[in-house]
Amino acid sequence: MIVEMRRGATTDEVDGVVQRAESLGLNVQLNLGTDKTVVAILGSNTGQLSTDTFAVLPGVESITRIMKPYKLASREFKAEDSLVSVSGIEIGSDRIVVMAGPCAVESEEQLAKAAKVVKEAGACILRGGAFKPRTSPFSFQGMKKAGLELLGRIKEQFGIPVITEVVDPHDVSLVSKYADILQIGSRNMQNYPLLTDVGRNKRPVVLKRGFSCTVTEWLTAADYLLSEGNTQVILCERGIRTFEDSVRFSLDISSIPVIKRFSHLPIIVDPSHAAGHYSLVPAIAKAAVAAGADGLLIEVHPNPKEALIDGLQSLTPSDFARLMGELRAIAKSVGRYI
Ligand code: PEP
Ligand code: MN
């Protein structure tokens with residue numbers, strides 16, 4: 001249930017709503033918007049509660065029952081777009097934020113080369129996995145702590161913030177020592193203990209869409225992060241599993257306007273894991289920007305032929321630089337810039 005306060009409602013009136021909810025054993029979250037305060041009433045039994053419980057209280061303007069399972073990620077809770085700020089870079093504004101780099105951190109030389117080329121081409125955040133969630137337990141699992149240390153060094157050397165994945169709740173504080181953005185991978189979108197710990201940690205987070213999950217499930221997973229007080233949430237569409245097998249995953253381009261309609265959270269797109277092949281990445285990336293994505297997460301390797309993971313879908317430095325030029329033109333045509 002969402003309680004919208006009148007414009008200019010006093011602190012006492014807002015407190016009155018909070019206290020009434022708490023007296024019924026319900027939790028609340030406040031959105032102190034520029035225009036008006038909105039109170040989300042959270043709890044499994046709000047469906048049985050009469051809206052009059054809150055409608056009668058002073059300062060209350062209207063009540064909306066949320067039939068959707070997610071609340072805090074919804075536009076009803078927060079009408080204006082959310083901005084996520086990472087080292088002064090805003091995600092969700094007119095600037096399209098490009099995050100690029102290798103699938104996995106492999107060596108200092110590889111990461112340094114990647115940082116140099118992606119930064120020169122105009123990417124403003126470096127990606128690189130230190131913990132890799134692999135389909136097979138026998139595959140390379142990432143450099144782990146050593147990979148994080150490399151990310152920390154390269155980030156200082158090149159003055160570029162980094163995004164890296166966390167796969168285990170026990171590693172959240174370790175990973176956040178090095179990461180400017182914590183990435184929750186597709187396979188972990190519904191790993192609730194991980195979401196809870198990352199929500200408590202308060203670092204900006206990219207929540208990738210589970211490849212077999214609906215938009216509703218995705219936004220409900222985002223509520224796990226938001227309900228722990230982490231408002232720095234960025235969604236990432238990375239393709240879903242369909243009957244189509246000519247690509248690794250089918251990029252659901254429509255999820256971009258759907259998310260914009262139902263949620264205030266920024267959304268970026270990973271064309272690399274959807275495509276599975278470097279030749280398809282540019283078209284998907286351009287389509288995402290045209291459709292309103294707030295950013296991109298792209299795999300770039302200094303030498304894809306030698307990549308330990310995902311070489312086939314990684315762009316070479318020159319292909320990436322060319323794509324960035326094309327993306328600038330698309331961004332401009334939709335009133336944005338890179
Ligand atoms: C990744 O971005 O490194 C990754 C593993 O992607 P996904 O979780 O989308 O499969
Ligand atoms: Mn990858």
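Quote the FRET efficiency, to the nearest 0.05, computed for V334 versus D81 with a Förster distance R0 of 22 Å and r equal to the Cβ-Cβ distance.
According to the calculation, E is roughly 0.90.
Roughly how many nanometres apart are two label points built 7 Å out from the Cα toward the Cβ at K145 and Y192?
Simple spin-label model gives 3.1 nm for this pair.
Which entries of K116/K145; K68/K145; K68/K177; K116/K286 show an alpha-carbon separation above 31 angstrom in the structure shown?
Long pairs (Cα-Cα over 31 Å): K68/K145; K68/K177.
Using alpha-carbon pairs under 8 Å, 6+ residues apart, how would you state the relative contact order of segment 2-64 in percent?
Relative contact order for segment 2-64 comes out at 49 percent.
Relative contact order of the chain, please, whole-number percent, based on alpha carbon pairs below 8 angstrom and at least 6 residues apart.
Over the chain, the number comes to 17 percent.
For a quick check, take a GNM of the chain with Cα springs below 10 Å and name the residue from I96, I63, I181 with the largest mean-square fluctuation.
Result: I63 has the largest fluctuation of those listed.
Using only the alpha-carbon atoms, how far is helix 108-121 inclined from the longest principal axis of the chain? Give it as 0 to 90 degrees, nearest 10.
It is inclined by approximately 70 degrees.
Can you pull out the chymotrypsin sites (Phe, Trp or Tyr not before Pro) in segment 186-252 that DSSP calls coil and that have at most 10 other Cβ atoms within 10 Å?
F243
So with the 1.4 Å probe, I'd like the accessible area per residue for segment 2-64, rounded to whole Å².
Ligands and nucleic acids excluded, the figure is 55 Å² per residue.
Taking only Cα atoms, what is the 0 to 90° angle, nearest 10, from helix 192-201's long axis to the longest principal axis of the chain?
For helix 192-201, the angle is close to 90 degrees.
Pop out the carbon and sulfur fraction of the accessible area of segment 2-64 as a percent, whole number, probe 1.4 Å.
Of the solvent-accessible surface of segment 2-64, carbon and sulfur hold 45 percent.
Which net charge results when you count Lys and Arg as +1 and Asp and Glu as -1 among the other residues whose beta-carbon is under 11 Å from that of P169?
That sum, taken over residues with Cβ under 11 Å, equals -2.
Of M1, C236, L174, whose Cα points farthest to the positive end of the dipole of the chain (charges on the beta-carbon: +1 Lys, Arg; -1 Asp, Glu; origin at the Cα centre)?
The residue sitting farthest along the positive end of the dipole is C236.
Might you tell me the accessible area per residue for segment 253-338, computed with a 1.4 Å probe and given in Å²?
Value returned for segment 253-338: 38 Å² of accessible area per residue.
Report the label-to-label distance for D52 and L312 in nanometres (one decimal), using points 7 Å from each Cα along the Cα→Cβ vector.
6.4 nm
Which one, S82, S250, S50, has the greatest fluctuation when you compute a Gaussian network model over the chain with C-alpha springs under 10 angstrom?
Most flexible of the set in this elastic network: S50.
Over the heavy atoms of F320, what accessible area does a 1.4 Å probe trace out, to the nearest 10 Å²?
For F320, solvent-accessible area is about 0 Å².
With everything on Cα atoms, drop me the angle between helix 145-158 and the longest principal axis of the chain, reported from 0 to 90° to the nearest 10.
90 degrees
Which Cα, out of S227, G122, N188, lies furthest along the positive dipole direction of the chain (beta carbon charges, K/R +1, D/E -1)?
Positive-most Cα among the choices belongs to G122.
In debye, nearest 20: dipole of the chain around its Cα centre with unit charges on the Cβ of K, R (+) and D, E (-)?
480 debye
Can you tell me the accessible area per residue over segment 70-199, all protein chains present, probe 1.4 angstrom, in square angstrom?
The answer is 37 Å² per residue.
Taking amide hydrogens as modeled 1.01 Å from N in the peptide plane, which residues meet the under 5 Å criterion relative to C236, leaving out close sequence neighbours?
L207, K208, R209, I268
Mind checking which of D52, D223, D81 has the largest fluctuation in a GNM of the chain, springs on alpha carbons under 10 Å?
Ranking D52, D223, D81 by mean-square fluctuation puts D52 first.
Counting DSSP beta bridges in the chain, what percent are antiparallel, to the nearest 5?
Taking every DSSP beta bridge with both residues in the chain, the antiparallel ones total about 40 percent.
Ignoring ligands, DNA and RNA, what percent of the accessible area of segment 119-215 is carbon or sulfur (1.4 Å)?
Carbon with sulfur: 52 percent of the solvent-accessible area.
Please give me the summed charge of the neighbours of L251: other residues whose Cβ is under 13 Å from its Cβ, Lys and Arg +1, Asp and Glu -1.
So the environment of L251 carries a net charge of +2.
Under a 1.4 angstrom probe, counting protein chains only, how are D197, D252, D270, D94 ranked by accessible area, largest first?
Ranking D197, D252, D270, D94 by accessible area, largest first, yields D94, D197, D252, D270.
With every protein chain left in place, what is the accessible area of H264 in Å² (1.4 Å probe, nearest 10)?
10 Å²
Using amide H atoms built 1.01 Å from N in the peptide plane, name the residues 5+ places from V300, or on other chains, whose amide H lies under 5 Å from its own.
Long-range HN contacts for V300: G101, C103, L315.
At a probe radius of 1.4 Å, what is the per-residue accessible area of K113, in Å² to the nearest 10?
Probe radius 1.4 Å; accessible area of K113 about 100 Å².
Using helices alone, I'd like the mean residue ellipticity at 222 nm for the chain: each DSSP H run of four-plus residues gives -39500 (n - 2.57), total over residue count, nearest 500.
Helix-only estimate at 222 nm: -10000 deg cm²/dmol.
Can you tell me the length gained on complete extension of the stretch R65 to S254, counting 0.36 nm per residue apart and subtracting the Cα distance?
65.4 nm
Ordering Y70, Y278 by how much accessible area each has at a 1.4 Å probe, largest first, what is the list?
From most accessible down to least: Y278, Y70.
The values are calculated or read from the model by the stated rules, or taken from the named source; none is laboratory data. None of the values given here were measured: they were computed from a predicted structure. No Cβ is skipped: glycine too gets one built from the backbone with ideal geometry, and neighbour counts run over all protein chains shown. What goes into the accessible areas is simple: the full protein's heavy atoms, side chains included, and nothing from ligands, DNA or RNA. Shrake-Rupley method; radii C 1.70, N 1.55, O 1.52, S 1.80 Å.
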